[in-house]
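The values are calculated or read from the model by the stated rules, or taken from the named source; none is laboratory data. Just so we're clear, the structure is a prediction, and the values are computed from it rather than from any experiment. Positions of Cβ are generated from backbone atoms using ideal geometry, with glycine treated the same way; all protein chains shown enter the neighbour counts. These accessible areas exclude ligands, DNA and RNA; they are computed on the full protein's heavy atoms, side chains included. Shrake-Rupley method; radii C 1.70, N 1.55, O 1.52, S 1.80 Å.
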Amino acid sequence: MSLEFSKYHGLGNDFILIDNRDTLALKVTPEQAVVMCDRNFGIGADGIIFLLAASTADTDYTMRMFNSDGSVAEMCGNGIRCLAKFIKDLGAPFPEGKGNQYRISTLAGVITPELLDNGQIRVDMGIPALEAATIPTTLVAPELKVIDCPLEVAGQTWQVTCVNMGNPHCVTFVEDVMAIPLETIGPMFEHHPTFPMRTNTEFIQVMAPDYLKMRVWERGAGATLACGTGACASLVAGVLTERCQRQATVELPGGKLEIEWSELNQRLYMTGPAELVFTGKM
Ligand code: ZDR
């Protein structure tokens, strides 16, 4: 195969971007994605993201994504900022009358990133889903929310709050986030039988009501330097459990994201950077 790609990162959460606008079939299979994302045998990335043409009249583009293990992710917060930058770098004009925004169809609905004058990207991440059936998790009855519920993992009881940001998240607040043995405990959360679609897991230390420190174990990608949907899910969990404000900075190993959960429309807004690393041909 001969394939042009671009590599971008959002706070060190890195992705291979493929211009897939000329065909409906994805140019890379899940098996090829695993090799391309491999940091020794391939390009190296946490996932691969495809830019496809619009599939509906009310959107401008379509996004699809594989994690580095080849599994499908419905949404990716850091990835969609990278995708917005990629579209701009491809020279595609902004849709008329929409400002510096693209309306992107994802498996989690329409997500709207906006390129700000200061180079940052602000994304309307939509409304979080909280019912157990939509996470999905079997931890409580399907119609109930999972807020500070006990979950046994590795012989320990964790209080978890679950949020679906298009993809599943399990958030737990801890005293010292740096003390969490992510590599051993992360996979146990990810594959816990209570999460039929597996889960992303965020460990959060509340530094102040407007400042959260986060480490993440991602479904299908493991420990990553940042996670946009995870930062949003963590703020929601912090608000629901009265640990933080509706607007906060989330500090990740790769840098900081600004997250706001609007009281007016219940939508989440995430602001952060996206950078081109290099382009290449495989
Ligand atoms: C967490 C993520 N990197 C982001 O920035 O939102 C998304 C990646 C997809 C995630 N691993 C999943 O849901 O499978």
Test: residue in segment 49-67 that is part of a loop (DSSP other than H, G, I, E, B), in contact with a helix residue (DSSP H, G or I) (Cβ under 7 Å, 6 or more places away or on another chain) and within 17 Å of residue 27 (Cβ to Cβ): no
Residue that is of a type in the set (Gly, Ala, Ser), open to solvent by less than 60 Å² (accessible area, probe 1.4 Å), farther than 24 Å from residue 278 by Cβ and in a loop (DSSP other than H, G, I, E, B), where the choices are 70, 99: 99
Condition check for residue 171: open to solvent by less than 60 Å² (accessible area, probe 1.4 Å), hydrophobic (A, V, I, L, M, F, W, C), under 24 Å from residue 76 (Cβ atoms) and without any contact (Cβ under 8 Å) to a residue 24 or more places away in the chain: no
Residue count for segment 102-122, restricted to those that are closer than 21 Å to residue 275 by Cβ, open to solvent by 20 Å² or more (accessible area, probe 1.4 Å) and either within 16 Å of the ligand (Cβ to nearest atom) or within 12 Å of the chain's Cα centre (by Cα) (or both): 3
Residue among 194, 134, 157 that is β-branched (Val, Ile, Thr), surrounded by fewer than 14 Cβ atoms within 10 Å (Cβ to Cβ) and more than 15 Å from the chain's Cα centre (by Cα): 157
Any pair with Cβ under 6 angstrom, 6 or more apart, that starts in segment 180-201 at a residue that is at positive phi and ends at one that is modelled with pLDDT of 95 or more: 198/190; 198/219
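Can you go through 274, 231, 248 and tell me which one is in contact with a helix residue (DSSP H, G or I) (Cβ under 8 Å, 6 or more places away or on another chain) and without any contact (Cβ under 8 Å) to a residue 40 or more places away in the chain? Even if it seems obvious, please write down each step before you answer.
Numbers: 274 fails: without any contact (Cβ under 8 Å) to a residue 40 or more places away in the chain; 231 fails: without any contact (Cβ under 8 Å) to a residue 40 or more places away in the chain.
It is 248.
Would you mind stating whether residue 151 is away from the ligand (no atom under 16 Å from the Cβ) and either assigned by TED's automatic domain parsing to the domain that holds residue 24 or modelled with pLDDT under 95 (or both)? Steps first, please.
Details: away from the ligand (no atom under 16 Å from the Cβ): yes; either assigned by TED's automatic domain parsing to the domain that holds residue 24 or modelled with pLDDT under 95 (or both): no.
It is false that residue 151 is away from the ligand (no atom under 16 Å from the Cβ) and either assigned by TED's automatic domain parsing to the domain that holds residue 24 or modelled with pLDDT under 95 (or both).
Residues in segment 146-163 that are touching a residue at least 12 places away in the same chain (Cβ under 8 Å) and touching a strand residue (DSSP E or B) at 6+ places or on another chain (Cβ under 8 Å): how many?
Here is the first cut: in segment 146-163, the ones touching a residue at least 12 places away in the same chain (Cβ under 8 Å) are 146-149, 151, 153-154, 158-163.
Next cut, touching a strand residue (DSSP E or B) at 6+ places or on another chain (Cβ under 8 Å) only: 146-149, 151, 158-163.
Counting residues in segment 146-163 that are touching a residue at least 12 places away in the same chain (Cβ under 8 Å) and touching a strand residue (DSSP E or B) at 6+ places or on another chain (Cβ under 8 Å) gives 11.
Taking residue 84, is it farther than 17 Å from residue 20 by Cα, buried (at least 18 other Cβ atoms within 10 Å of the Cβ) and over 12 Å from the mean Cα position of the chain (by Cα)? Spell out how you get there, then give the answer.
Details: farther than 17 Å from residue 20 by Cα: no; buried (at least 18 other Cβ atoms within 10 Å of the Cβ): yes; over 12 Å from the mean Cα position of the chain (by Cα): yes.
It is false that residue 84 is farther than 17 Å from residue 20 by Cα, buried (at least 18 other Cβ atoms within 10 Å of the Cβ) and over 12 Å from the mean Cα position of the chain (by Cα).
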Residues of segment 19-67 classified as surrounded by 18 or more Cβ atoms within 10 Å (Cβ to Cβ), more than 18 Å from residue 277 (Cβ to Cβ) and charged (D, E, K, R), total: 2
Residues satisfying the stated conditions in segment 156-205, i.e. within 14 Å of the ligand (Cβ to nearest atom) and charged (D, E, K, R): 190, 198, 202
Candidate set: segment 27-53, residues that are more than 21 Å from the chain's Cα centre (by Cα) and closer than 18 Å to residue 87 by Cβ; chosen: the one farthest from the ligand (Cβ to nearest atom): 53
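If a residue has to be away from the ligand (no atom under 16 Å from the Cβ), among the β-branched types (Val, Ile, Thr) and open to solvent by less than 50 Å² (accessible area, probe 1.4 Å) to count, how many in segment 206-248 make the cut? Don't jump to the end; show me each part of the working.
Filtering segment 206-248 down to residues away from the ligand (no atom under 16 Å from the Cβ) leaves 206-211, 213, 238-248.
Those still in the list that are among the β-branched types (Val, Ile, Thr) too: 206, 239, 241.
Subset that is open to solvent by less than 50 Å² (accessible area, probe 1.4 Å): 239, 241.
Residues flagged as away from the ligand (no atom under 16 Å from the Cβ), among the β-branched types (Val, Ile, Thr) and open to solvent by less than 50 Å² (accessible area, probe 1.4 Å) within segment 206-248 amount to 2.
Does residue 41 satisfy being out of contact with any Asp or Glu (no Cβ under 8 Å at 6 or more places or on another chain) and free of Cβ contacts under 8 Å to residues at least 40 places away in the same chain?
On the way: out of contact with any Asp or Glu (no Cβ under 8 Å at 6 or more places or on another chain): yes; free of Cβ contacts under 8 Å to residues at least 40 places away in the same chain: yes.
Taking the combined requirement at face value, the residue satisfies it.
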